[in-house]
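First up is the structure itself, then whatever we jot down about it.
The values are calculated or read from the model by the stated rules, or taken from the named source; none is laboratory data. Keep in mind that what you see is a predicted model, and the values were worked out from it rather than measured. Neighbour counts run over all protein chains shown; Cβ positions are idealised from the backbone, glycine included. Heavy atoms of the whole protein, side chains included, go into the accessibility calculation; ligands, DNA and RNA do not. Shrake-Rupley method; radii C 1.70, N 1.55, O 1.52, S 1.80 Å.
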Amino acid sequence: MQEKYIPAEIERAAREHWRATAADRAVETGGKPKYYCLSMFPYPSGRLHMGHVRNYTIGDVLARYHRMLGENVLQPMGWDAFGMPAENAALANKIPAARWTRQNIDCMKRQLQSLGLSIDWQRELATCAPEYYRWEQWLFTRLFEKGLIYKKLGTVNWDPVDQTVLANEQVIDGRGWRSGALIEKREIPMYYMKITAYAEELLAGLDTLTGWPEEVRLMQKNWIGKSVGVRLAFVLADSKYQEQKLWVFTTRADTLMGVTFVAVAAEHPLAVHAAKGNPELAAFIAECKKGGVAEADFATMEKKGAPTGLFAQHPLTGERIPVWVGNYVLMSYGEGAVMAVPAHDERDFAFAQKYGLPIKQVIGVAGETFSLDGWQEWYGDKSRAVCVHSGKYDGLGYTEAVEAIAADLAKLGLGEKEVQWRLRDWGISRQRYWGCPIPIVHCEVCGDVPVPDDQLPVVLPENVNITGAGSPLAKMPEFYETSCPKCGRPARRETDTLDTFVESSWYFLRHACPDNDRAMLDERVDYWCAGGIDQYIGGIEHAILHLLYARFFTRLIRDAGLIDLSEPFKNLLTQGMVVAPTFFRLDANGKKHWLSPTEVDVKTDERGRPVGATSKTDGQPVIVGGIEKMSKSKNNGIDPQTLIVRYGADTIRLFMMFASPPNQSLEWSDAGAEGAYRFLRRVWKLAHAHVGLGVTVAASGNAGLTEPQKVLRKKLHQTIGKVHDDYGRRQQFNTAIAAVMELLNACEKTDLSGAAGHALAQEVFEAVALMLFPIVPHIGQALYAELKPGANAARAAFPIVDATALTQDTVELMLQIGGKLRGSFTTPAAADRSAIEAAALATETARKFMDGKPARKVIVVPGRLVNIVI
RNA sequence: GCCGGGGUGGCGGAAUCGGUAGACGCAGCGGACUCAAAAUCCGCCGCCGCAAGGCGUGAGGGUUCGAGUCCCUCUCCCGGCACCA
């Protein structure tokens, strides 16, 4: 055995061994339970970043651990290859999006392979390949024919200078990122997927996802947002609109008697109509069109409104109620109109005070007095409220009032109870080039005609001219000029592409059969995806959109008859971000210039506290910024490749798994990586010393061991149990590593001379190599082969706990007096409560602190502590 | 603004079911080895205090024999908000 740990050599050898033995190939074989372990596939943005390394290492640890449990593991990898950055790169560097993407894939694939991930590369897929997206187009045409995809107007960000649609990300402070022009809203026809048809099922399904983090289920539940309320109508009073009804939805029908105005969205037909011949209103509506479509901006902007000059009748009292346009009313939620009850809704309260609209109290809480001086929490509290100033409804609580008012509205034909969803249908059209073409042909006679199967795929041309203004496909007659599949007349091909979320909504199924050119999915999907993907791993930022769309698509594909599965992901692990400190300098204009953490020396005081930083280049001070997500813009990314070259893949994998649990954010630290490297060198050194004495057969019991050796063997089997639990149930790897470190510390302090001791050392080292193998597979492979010549860690079983090693004669209990820790004492492990209590009272510590006073109460927690209350 | 999560030594974190706060590691300090350095090894290391002891898990309050953990109020930070992926 080499004395020195040389990662470059052992990593190359280990990977060559795995390649030669096809260790990572997944085959559909019976007899073993299957384990499909999937990490969210990357967007090929250029090079691997630390977030990728973390994600794929977590996945690999789980995949390798489950293989050691005897499961049939599939771990595939693919590329989420359509998206905006390729278009931006094409524009900036004059390189075709396709070529840029493929180069990035080649580079990142090599980097992934250098990490030693046990991926079955034969199942690789890229979403930009026609072999992949043809099946997406095929499914699109089925869904279109079923009516699950339909066309309607949608609102987008419009850049009036570049004459193009912008993504929310491309709108910065209300302006286009390239042109700097003020962005406005524009309505264009788009295709939508009817996700709302599955709202009830997507909500109910969350209850079955017991392998998901509770917060993700809760976020999805709130996103879907089921609310039961009342849909009701205000009849327009104006003669021009005679008998026309203005519908609203409310969850607070109990406050209906307090309505003092109704507000509609700027895009509401009534607002648009009323603006004709009303220049002030038209100007206000035009103002509402300014700015982008992002919901966060919408929710934080100043609430403004304008009267339409129209009035409507209160459905129960017949009172004249003014109709306003409000910039805070969403056209896409509910009816695009809301009833306003200023006394009992905080937003309406502020709005009414701003515009001098009446405020009418209709619910009250015992002991509280209503005043117009300012909003109070209880005004909107439906749990304690009863109706007041509400005529026949006075005295009713929330539920009774809603029931009574809904019943009265129903009698008048002016309302009914209704379920409302926050979830909206999914707009999937994008006016972009680098995406999956929408397989529709527009015929003047036949309308929107789906492309027939035998004409699929509609291939995306790769030789295009990207200008940044408008969609390139719409300028390519050779792409859009076609004939109608139905009638044969000249027709125009759809030039929009699909939202890239569509590709990522079903790739996990296709990994089971990426090579099938005759069908979207086949029986291999039934095998690998039975009961769902066993483990899915990815960033918490995908908690809602990607995971909800994937759940939706799985049901669409199920209902198309292709699979028998509703929930795609049985277990979900959401990983935190990788963060690093930031450093910058201000130039004369106050602009920040970011320095990479690698270009900076951090100065500390004599106790190691950071006190400042200087540049390595010029020695001058730099400003220390916050700790933020690694990004290009803050120049605080650390390139994993440099570290792999310096320390080897195992060190990076170990550091990433050790620095924090998977679901928390992880701060990069050079010193931490150095520490991980030191640990691996130490493991190697200790194993080398043991092998130097000659390998033997590992101990299998306590026979012949000294007392300290028995203690070590107990520690070994406790550690095996702990590591099992951490890899399996807890999925928390930092504590598993810490446990192995503790074991090695104990091992070094124990005298292992003698034949029995040497056999125990053999048992410890074999177990350590296997326990670490999922995290640091290269060194694990090498060590195990040295310890057990001819053995292969990649095919080995995970160590099992020997219960006989765990028995103990005595236990140490903590002694508390009045809840404060005062000492400890030892009792036989078999002692009962009264014996423990007596032993506790007999201790010197107890006598000293009780000072002759009697014990009022003694609390005994066996195995833990005794608390004497005086 | 709305939804979700988080705050523990100088730092990353541990404490899994309400029961020893700070495991494990990093940084730092002291020592051994060395001509010297690196590497390695040994020891110390929450704060205040000579000590006894006291204090201590973002802030304030509560429940409990006992709270980092449960409840209430507040605060700061992070993720998402439907066209970034």
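Key figures
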{"item": "Spacing of the two label points (7 Å from each Cα toward its C-beta) at A:LYS486 and A:LYS685, in nm", "result": "7.9 nm"}
{"item": "Sites A:SER700 and A:ARG856 - FRET efficiency at Förster radius 41 Å, r taken between beta-carbons, to 0.05", "result": "0.20"}
{"item": "Share of Cα-Cα pairs in the range A:769-837 lying beyond 20 Å, as whole percent", "result": "58 percent"}
{"item": "Within straight-line cross-link reach of A:LYS4, lysines at Cα separation under 29 Å, skipping those fewer than 8 residues along the same chain", "result": "A:LYS685, A:LYS715, A:LYS749, A:LYS788"}
{"item": "Approximate spin-label separation A:THR369-A:ARG864, in nm, with each point projected 7 Å along Cα-to-Cβ", "result": "5.1 nm"}
{"item": "Set of lysines with alpha-carbon distance to A:LYS276 below 25 Å, sequence-local pairs under 8 removed", "result": "A:LYS152, A:LYS185, A:LYS240, A:LYS245, A:LYS289, A:LYS290, A:LYS303, A:LYS304"}
{"item": "Cα shape, the range A:672-758, gyration tensor, a/c 1.5 rule", "result": "oblate"}
{"item": "Förster radius 56 Å - calculated FRET efficiency between A:VAL645 and A:THR210 (Cβ-Cβ, nearest 0.05)", "result": "0.85"}
{"item": "Highest average packing first - A:647-656, A:242-251, Cβ atoms within 10 Å", "result": "A:647-656, A:242-251"}
{"item": "Dipole moment magnitude, nearest 20 debye, the range A:323-403 about Cα centre, only Lys, Arg, Asp, Glu C-beta charged", "result": "180 debye"}
{"item": "Relative intensity, log₁₀ I(q)/I(0), of chain A from a Debye sum that treats every alpha carbon as a point, q = 0.09 Å⁻¹", "result": "-1.12"}
{"item": "Peptide ranges A:325-332, A:467-474 listed from the most packed, as the mean C-beta count within 10 angstrom indicates", "result": "A:325-332, A:467-474"}
{"item": "With every protein chain in place, chain A: carbon and sulfur % of accessible area (1.4 Å)", "result": "52 percent"}
{"item": "Reciprocal of mean inverse Cα separation for the range A:562-601 (Kirkwood radius, Å)", "result": "14.9 Å"}
{"item": "Whether the range A:340-425 is rounded, prolate or oblate, judged on the alpha carbon gyration tensor where a/c under 1.5 counts as rounded", "result": "oblate"}
{"item": "Additional length obtainable on full extension of the chain from A:ARG47 to A:ASN222, 0.36 nm per residue less Cα span", "result": "59.4 nm"}
{"item": "Two-site FRET efficiency, A:LYS592 against A:THR300, from Cβ-Cβ distance with R₀ of 35 Å, rounded to 0.05", "result": "0.90"}
{"item": "Segments A:229-240, A:514-525 sorted - mean Cβ within 10 Å per residue, highest first", "result": "A:229-240, A:514-525"}
{"item": "Relative contact order of the range A:719-870, defined on C-alpha pairs under 8 angstrom at six or more residues apart (%)", "result": "16 percent"}
{"item": "Built amide H within the under 5 Å cut-off of A:GLN575, gap 5+", "result": "A:GLY538, A:GLY539, A:ILE540"}
{"item": "Relative contact order (percent, whole number), chain A, Cα cutoff 8 Å, 6+ residue spacing", "result": "13 percent"}
{"item": "18 Å cut-off, amide nitrogen to a point 7 angstrom out along A:ASN516 Cα→Cβ, residues in the range A:131-149", "result": "A:131-143"}
{"item": "Magnitude of the charge dipole, chain A, Cβ model with Lys/Arg +1 and Asp/Glu -1, debye to 20", "result": "1160 debye"}
{"item": "Degrees separating the helix A:7-20 axis from the principal Cα axis of chain A, which is the longest one", "result": "70 degrees"}
{"item": "In degrees, nearest ten, helix A:755-772 long axis to first principal axis of chain A (Cα)", "result": "20 degrees"}
{"item": "Backbone N under 20 Å from the A:LEU69 label point (7 Å along Cα→Cβ), restricted to the range A:697-736", "result": "A:717-736"}
{"item": "Helix A:733-749 vs. chain A, principal-axis angle (Cα, 0 to 90°, nearest 10)", "result": "10 degrees"}
